[in-house]
Amino acid sequence: MHNFSATKKRLLLFILFGWLLLLVGDRVGELRQYQGSFVAMYTLAIASIILLTGYSGQLSLGHSALMAVGAYAGALSTNNAHLHPVIALIIATFVAGLFGLILGFGVARLSGPYLAGTTLALAVSLPSLANQFPILGGEQGVAFDVGAPPARFGEDFSQYKWFFWISSLAALIMIWLIANLLSSKYGRSFRAMRDNQVAAQLTGINTGRLKVTAFTISAGMAGLAGGLLVMLISGVSPSAFPLSLSFSLLTGAVVTGVYSLKGVMLGGLVLVAIPEIADSVVNRIGGSEGFTATLPGFLVSALLIAAVLFAPNGPGQLLKKKH
Amino acid sequence: MLKFITAVLTSLTTGSIYALMSTALVLVWRSTRVINFAQAGQAVLTTYIGYEVIVRSGSYWVGLIMAIVAGAVIGAAIDRFFMRPIFKRITTGPIVMIAPVVATLGLLGIVQAIIGFKWGLTYQTIAAPVSTDGYRIFGSVIAFSPFNLMVLVCVTITMLLLTLLFQKTNLGLALRASAHSPEIAKLSGIKVDGIRTLGWALAGAAGGLAGMLFVPSTYLYPNAMDVLLVFGFIAAVIGGLDSLFGAVAGAMVLGFAINFTTSYVSSRLVFPTAFIILILVLLIKPAGIFSNKKGRRD
C-alpha cells in the first residue's frame with residue numbers, strides 16, 4: 001500500500017513538473033526554448049549513464065555511439081521510411097536498446113576496465129563506420145525533419161516550442177519510467193549488485209543477466225536521446241557524435257551525483273551552460289581559434305576532475321559535509 | 001607473393017607501434033590497476049614536445065630523445081601529483097571503483113584542451129628522418145620503407161631493453177614484485193609507491209616513443225593518438241592486460257589481423273576487424289590469450 005502511494009506521488013510530481021515546464025516554455029524566447037530542448041535531451045542521456053554507472057556499477061564510454069545508433073535509426077525511419085517522427089523516436093529507442101542487448105551479451109558482464117575500454121573502442125570506431133555505408137549518408141549524414149507543429153496548436157506556436165515540447169515530454173516520460181523501475185525490485189537488485197556482487201549473487205540475483213538488462217535499458221535511453229539530438233540539429237552525421245560527447249555525459253552524471261537520479265536535470269543544465277560560459281569568456285578576453293574551440297572541452301574535463309575529487313556523490317555531499 | 005610479403009612487413013610495423021601503446025597501458029595496469037585513458041593525451045603531448053624540439057634544433061633524433069624523456073617525466077608527475085592524491089582521497093563508497101578511471105578521462109580531456117590552446121587544432125607534420133619511399137622488390141615498389149624498418153628496429157631495441165630491465169635487474173624484480181603482490185613487496189622492503197611512479201614513467205616514455213614513430217606516417221593533432229589508444233587497449237586485452245609479453249604478442253596479432261584483412265578483403269575493415277577481435281577475445285577467453293593467470297591468485 002505504501003509503495004503504491006509512493007508511485008502515485010511520483011506520477012503527480014512528474015505531471016506537476018511537466019506543467020511547470022509548459023508554463024515556462026510559454027514565457028521564454030525561442031533561444032531559451034531551443035536551449036531547454038537541449039537540456040531535456042542531455043538530461044535523458046545523463047539519466048542513462050546514471051542508471052548504468054550509478055545503479056549497476058558499470059562504466060561506459062560508448063554512450064555517444066549508442067546515441068548515434070538511435071539517431072541513425074530515427075533519421076532513417078523518417079527520411080527513408082517516411083514514418084511519423086514520434087514513431088521514429090520510439091524506433092530509435094528500441095533499435096539502440098537492441099544494439100545494447102547484443103553488445104551487452106558480449107561485454108556487459110565484464111567488469112571495470114574491460115567494459116570501459118570496449119565501449120571506448122566502440123565510440124571511436126562507430127562514427128568512422130558510418131562514413132562507409134552509403135545508406136548512412138557519409139559525412140553529410142541523413143536529415144531528420146520533425147515537421148511543423150500541428151495546426152491545432154495555433155499560428156504562433158513556433159518550431160522551437162515544438163522542439164521543446166517533444167524533448168521535454170520524451171525526457172519526462174522516460175525518466176519517470178526509470179524512476180519507477182529504480183524504486184522497484186530491479187532498483188534494489190541493481191544497488192545490491194553494485195555494492196557487493198557476491199552478496200547479491202548469494203541472495204539469488206542473477207548478476208550477469210541484470211547487468212545485460214541495465215546495459216540494454218541504458219542503451220535504449222541513450223538511443224532516444226540521440227534521436228532527440230538529431231531532431232534538434234535536423235540531421236544526423238558522424239561528427240555529431242564525437243568521443244567527447246561520451247565524456248560530457250559522464251561529466252554531467254558525476255556532477256549531478258552519479259548515485260542518484262534526483263538532480264539529473266542539473267547535469268543537463270551544466271552541459272548546456274558550459275559552451276555559453278566558454279563563449280562569454282572568449283568574448284571578454286579574446287583568444288586564438290584553438291583556445292575558442294577547446295575551451296568547452298577544457299571546462300568539461302576540469303569539472304569532471306573537480307567533481308570526482310571534491311563531490312563524488314553529488315553536490316548534496318558538499319552541503320552536508322559539516323557532520 | 002609480393003602482396004603477401006608487403007602485408008607481413010606492414011603488419012610487423014603497425015603491430016610494433018601498437019605494441020608500444022599496449023605496453024604502456026599494461027605497465028600502468030600492472031602497477032596501479034587502472035587503464036590509463038590519459039595515455040593518449042600524454043603520448044600526443046610528448047609528441048608535440050618532440051615536434052617543438054625538432055623545429056628548434058632541426059634534428060629528428062634530438063626530438064625523439066626529448067620526447068621520450070618528457071614522456072617519462074610527465075608520466076611520473078601524473079602518478080605522483082595526480083593519481084596518488086586521488087587514491088589517498090577517495091577510499092570509501094562505490095565511487096572507489098570508478099574514480100581513478102574517470103580521473104584519467106578528465107586528464108585526457110584537459111591535456112588535449114591544453115594542446116589546443118598552445119598549438120591550435122591545425123594538422124602539423126613531423127618529417128621522417130629517413131626515406132618514406134617504399135623499397136623496390138623485383139622492380140615494383142612495396143609499402144615498406146626505410147622509415148618502417150627504422151620503426152621496427154627502434155621498437156625491437158626498446159622491447160629488448162625493457163625485457164632486460166624486468167628480468168635481469170633488481171629494479172625489474174621490484175617492479176615485478178610490486179605488480180604481483182604490493183603487500184608482500186612492501187614487507188620485503190620495496191618502496192612500492194616509488195616503484196609505481198617508475199612504472200608510470202616507463203609507460204610515459206613508451207607512449208612518447210610511440211607518438212614519435214607513429215606521427216611521421218600521418219599527422220599531428222590533439223586527437224592523433226586516440227585511435228592508437230584503442231588499438232593499444234585491444235592488444236593489451238588480447239594479451240591479458242597483465243603480461244608484457246602478452247601486450248607485444250597481442251599487438252602483433254592485432255597488427256596482422258588488421259593488415260591482412262585490409263589488404264585481402266577490404267580497406268574499410270580496419271575498425272570492424274579490431275572490434276570483432278576484441279569482442280571474440282572477451283567472449284571466449286576474457287583473461288587474454290597470452291595470459292599466465294592460471295598460476296596466480298588475484
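P(r) for the stretch B:111-232: what percent of alpha-carbon pairs falls in each 5 Å bin, starting at zero?
P(r) over the stretch B:111-232, rounded to whole percents: 2, 9, 13, 15, 14, 13, 12, 9, 6, 3, 1, 1, 0.
Just the number, please: carbon plus sulfur as a percent of the accessible area of the stretch A:23-156, 1.4 Å probe, no ligands or DNA/RNA counted.
Carbon plus sulfur share of accessible area: 65 percent.
Please work out, to two decimal places, the log10 of the ratio I(q)/I(0) at q = 0.13, 0.18, 0.23 Å⁻¹ from a Debye calculation in which every Cα of the stretch B:1-99 carries one identical scatterer.
Relative scattering, expressed as log10 I(q)/I(0), comes to -0.64, -0.94, -1.17.
So which trypsin sites (Lys or Arg not before Pro) in the stretch A:83-187 are both in a DSSP loop and have at most 10 other Cβ atoms within 10 Å of their Cβ?
Of the trypsin sites (Lys or Arg not before Pro), not one in the loops of the stretch A:83-187 has a Cβ with at most 10 other Cβ atoms within 10 Å.
Give the distance, in whole Å, between the Cα centre of the stretch A:33-80 and the Cα centre of the stretch A:252-310.
What the calculation gives is 18 Å, centre to centre.
Residue by residue through the stretch B:260-272, what is 3J(HN,Hα) from phi via Karplus (6.51 cos²θ - 1.76 cosθ + 1.60, θ = phi - 60°)? Round to whole Hz and write x for glycine and proline.
Rounded to whole hertz, the list is 5, 5, 5, 8, 9, 10, 7, 6, 7, 9, 4, 5, x.
Suppose a student asked you for the relative contact order of chain B, using Cα pairs under 8 Å spaced at least 6 residues apart; what percent would you report?
Across chain B, relative contact order equals 35 percent.
Would you tally the net charge around B:R30, using a Cβ to Cβ cut-off of less than 10 Å, leaving B:R30 out, and scoring K and R as +1, D and E as -1?
Neighbour charge sum, excluding B:R30 itself: +2.
Check each of the trypsin sites (Lys or Arg not before Pro) in the stretch B:129-196 and keep only those in coil by DSSP with at most 16 other C-beta atoms within 10 angstrom; list them in order.
Taking the stretch B:129-196 and a limit of 16 other Cβ atoms within 10 Å, the loop trypsin sites (Lys or Arg not before Pro) found are B:K191.
How much FRET efficiency would the formula 1/(1 + (r/R0)^6) give for B:K3 and B:R80, where r is the Cβ-Cβ distance and R0 is 45 Å, rounded to 0.05?
0.35
Restricting the calculation to Cα positions, tell me the Rg (one decimal) and the Dmax (whole number) of the stretch A:51-110 in Å.
13.1, 39
Would you mind listing how long the stretch A:1-153 runs along its three principal axes, going by Cα atoms, in whole Å with the largest first?
44, 43, 27
For the stretch A:31-322, what ratio Rg/Rh do Cα atoms give with a Kirkwood hydrodynamic radius?
Value, to two decimals: 0.98.
To the nearest Å, what is the center-to-center distance of the stretch B:1-69 and the stretch A:86-108, using C-alpha atoms only?
36
Give me the net charge for the shell around A:I50: Cβ to Cβ below 14 angstrom, other residues only, Lys and Arg +1, Asp and Glu -1.
+3
Compute log10 of I(q)/I(0) for the stretch B:198-298 with the Debye formula, placing one identical point scatterer on every Cα and leaving out solvent, at q = 0.12, 0.20 Å⁻¹, to two decimals.
The Cα Debye sum returns log10 ratios of -0.45, -1.11.
Any chance you could list the semi-axes, whole Å, largest first, of the equivalent ellipsoid that the Cα gyration tensor gives for the protein assembly as shown, using √(5λ)?
They are 42, 29, 24 Å, listed largest first.
Among the lysines in the stretch B:2-295, how many pairs, 8 or more places apart or on different chains, have alpha carbons under 29 Å apart?
13
In a Gaussian network model over chain A where Cα atoms closer than 10 Å are linked, find which of A:L271, A:L66, A:L13 has the largest mean-square fluctuation.
Ranking A:L271, A:L66, A:L13 by mean-square fluctuation puts A:L13 first.
Under a 10 Å cutoff between Cα atoms, tell me which one of A:P113, A:P296, A:P238 has the largest fluctuation in the Gaussian network model of chain A.
Sorting by GNM fluctuation, first place goes to A:P113.
Run the helix sum for chain B: -39,500 (n - 2.57) per DSSP H stretch of 4+ residues, divided by residue count, reported at 222 nm to the nearest 500 deg cm²/dmol.
Helices in chain B give a 222 nm mean residue ellipticity of -24000 deg cm²/dmol.
Note down, for the stretch B:19-76, the three equivalent ellipsoid semi-axes (square root of 5 times each alpha carbon gyration tensor eigenvalue), biggest first, whole angstrom.
25, 9, 9
Please list, by residue number, every one of the trypsin sites (Lys or Arg not before Pro) in the stretch B:1-72 that is coil in DSSP and has at most 16 other beta-carbon atoms within 10 Å.
B:R33
Over 35 Å apart: what share of the alpha carbon pairs of the stretch B:2-295 falls there, rounded to a whole percent?
Tail of the P(r) past 35 Å holds 17 percent of the pairs.
Work out the mean other chain Cβ neighbour count within 10 Å for the residues of A:297-306 and drop it here as an integer.
That works out to 6 on average.
The values are calculated or read from the model by the stated rules, or taken from the named source; none is laboratory data. This one's a predicted model, so the numbers in the text were calculated from it and none came from an experiment. Note that each Cβ is placed from the backbone with ideal geometry, even for glycine, and that neighbours are counted across all protein chains shown. Heads up: the accessible areas ignore ligands, DNA and RNA and are worked out on the full protein's heavy atoms, side chains in. Shrake-Rupley method; radii C 1.70, N 1.55, O 1.52, S 1.80 Å.
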